[in-house]
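Colleague: Handing you a structure now.
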Amino acid sequence: MSLLKFFLFLCGLIIVINALVSNRGFHVLYQASFAIPMMGTPKITLEAIFCGVGNSLRLLAIISAFTILMFTIHPDDLMLALTKAKLPYKSVLVTSLSTRFVPTLIDDASRITDVQKSRGLEFDKGGRIQKAKSYMAIGIPLLSNSLDRAVQVAEAMESRAFGSSQNRTFYKELKLTRFDVITLVGALLPCVVGIAMRCLGQGGYEYYPVLQGISFTQLEATMLIGLVLLLNMVFILAPLKRRVDLD
């Protein structure tokens, strides 16, 4: 929930900054009565707001995709799948360790915050400098724990002779079942339909620097409905996949 609030705050910040910085557009909502040297007269346009909303949606889509990936696939399974795809093992391992450390760092930060509060440290009082000093009481122990954990992982890898052999074996083998193939096809179909719509010149919409009206042709409406249905296939396939795995 805290991450969702942070992402929503970040999206709102992007919209506000974009509206204040981008001055292009024909639909002027507000124009200042003064001019700034080298920047001209500040004004807020509807096109700039739409541009900020578009950038926020792109950011949310990227964050949501990686969040769903991290919450649905175990890091070991993801690492094994990428290794089977002939990607460099060391790069895959570094990526897997990085994603594995994120929830650990969040837990450490929450635990350190509770410890500091139990010692009487108040994070909400004082000015900005005082608040920054208070949060340093979290950052320094968190950094120290992260370095200690990194050293422990490095020692564990060295004790197991990591990198001594080029031929690696795995205690767990991933097998691609027929249902997995159906799920992959269902996940890739929206991407294919989206690329096809782009190649056919369908679904395009310009909102900056000129805001266009929203209208759909029959072909665009049909392809858009099909794309929405394909995107919702994951909500049907996910429970079926879970039931098959549990059985």
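Colleague: Take the residue pairs Lys5/Lys84; Lys5/Lys117; Lys5/Lys241; Lys90/Lys175 and return only those whose Cα atoms are more than 26 Å apart.
Modeller: Pairs exceeding the cut-off: Lys5/Lys84; Lys5/Lys241.
Colleague: A further question follows. Leaving ligands and nucleic acids out of the surface, order Asp180, Asp107, Asp76 by accessible area at 1.4 Å, largest first.
Modeller: Asp107, Asp76, Asp180
Colleague: Sort Ser22, Ser118, Ser33 by accessible area with a 1.4 Å probe, largest first.
Modeller: Ser33, Ser118, Ser22
Colleague: I've got another one for you. State the label only: which of [x] 0.96; [y] 1.00; [z] 1.06 corresponds to Rg/Rh (Cα atoms, Kirkwood Rh) computed from the shown model?
Modeller: From the options [x] 0.96; [y] 1.00; [z] 1.06, the structure gives [z].
Colleague: Same structure again: Which translational diffusion coefficient, to the nearest whole µm²/s, is obtained for region 137-195 from the Stokes-Einstein equation, given a Kirkwood hydrodynamic radius over C-alpha pairs, 10 °C and 1.306 mPa s?
Modeller: Translational diffusion coefficient: 97 µm²/s.
Colleague: As a test of understanding, state the convex hull volume per residue of region 117-159 from its alpha carbons, in Å³.
Modeller: 66
Colleague: Here's something else I'd like to know. Only sites in a loop by DSSP and with at most 16 other Cβ atoms within 10 Å count here; which trypsin sites (Lys or Arg not before Pro) in region 6-67 make the cut?
Modeller: Within region 6-67, the qualifying trypsin sites (Lys or Arg not before Pro) (loop, at most 16 other Cβ atoms within 10 Å) are Arg24.
Colleague: Here is a follow-up. Within the chain, what is the longest stretch that has no GluC sites (Glu not before Pro) placed in a DSSP loop and near at most 16 other beta-carbon atoms within 10 Å?
Modeller: In the chain, the maximal stretch lacking such sites is 1-121.
Colleague: Return the loop-located trypsin sites (Lys or Arg not before Pro) in region 155-247 (DSSP other than H, G, I, E, B) with at most 12 other Cβ atoms within 10 Å of their own Cβ; answer none if there are none.
Modeller: Hits after loop and neighbour filter: Arg160, Arg168, Lys172, Lys175.
Colleague: Another question about this same structure. If you average 1/r over all unlike Cα pairs in region 32-96 and invert the result, what Kirkwood radius do you get in angstrom?
Modeller: One decimal place: 15.8 Å for the Kirkwood radius.
Colleague: If a helix is a whole DSSP H run, which ones in the chain reach 18 Å or further along their own axis (Cα) and hold a mean Kyte-Doolittle hydropathy of at least 0.0?
Modeller: TM-like helix candidates: 2-21, 46-72, 89-118, 128-159, 178-199, 218-231, 233-246.
Colleague: Quick one: with all protein chains in place, what share of the accessible area of region 1-119 is carbon or sulfur, to the nearest percent (1.4 Å probe)?
Modeller: Carbon-and-sulfur percentage of accessible area, whole number: 71.
Colleague: Order the following by accessible area, largest value first: Val53, Val21. Probe radius 1.4 Å; ligands, DNA and RNA are ignored.
Modeller: The most accessible residue leads, giving Val21, Val53.
Colleague: Do the sum for the chain: with -39,500 (n - 2.57) for every DSSP H run of n ≥ 4, divided by all residues, what is the mean residue ellipticity at 222 nm, to the nearest 500 deg cm²/dmol?
Modeller: The helix-only estimate for the chain comes to -23500 deg cm²/dmol at 222 nm.
Colleague: On average, how much area does the Cα convex hull of region 103-236 cover when viewed from any direction, in nm²?
Modeller: With every direction weighted equally, the projected area is 18.1 nm².
Colleague: Let me ask something else about it. Can you give the accessible area of Tyr30, probe radius 1.4 Å, in Å² rounded to 10?
Modeller: 130
Colleague: Roughly what would the spin-label model give for Val153 and Glu173, points 7 Å off Cα along C-beta, in nm?
Modeller: Going from the Val153 label point to the Glu173 one covers 2.9 nm.
Colleague: Okay, next question. Treat every Asp and Glu Cβ in the chain as -1 and every Lys and Arg Cβ as +1, leave all other atoms uncharged, and give the resulting dipole magnitude about the Cα centre to the nearest 20 debye.
Modeller: 240
The values are calculated or read from the model by the stated rules, or taken from the named source; none is laboratory data. Note that the coordinates shown come from a computational prediction; the quantities given were computed from them, not determined experimentally. Heads up, the Cβs are rebuilt from the backbone with ideal geometry, glycines too, and the neighbour counts pull from every protein chain shown. Side chains included, ligands, DNA and RNA excluded: accessible areas come from the protein's heavy atoms. Shrake-Rupley method; radii C 1.70, N 1.55, O 1.52, S 1.80 Å.
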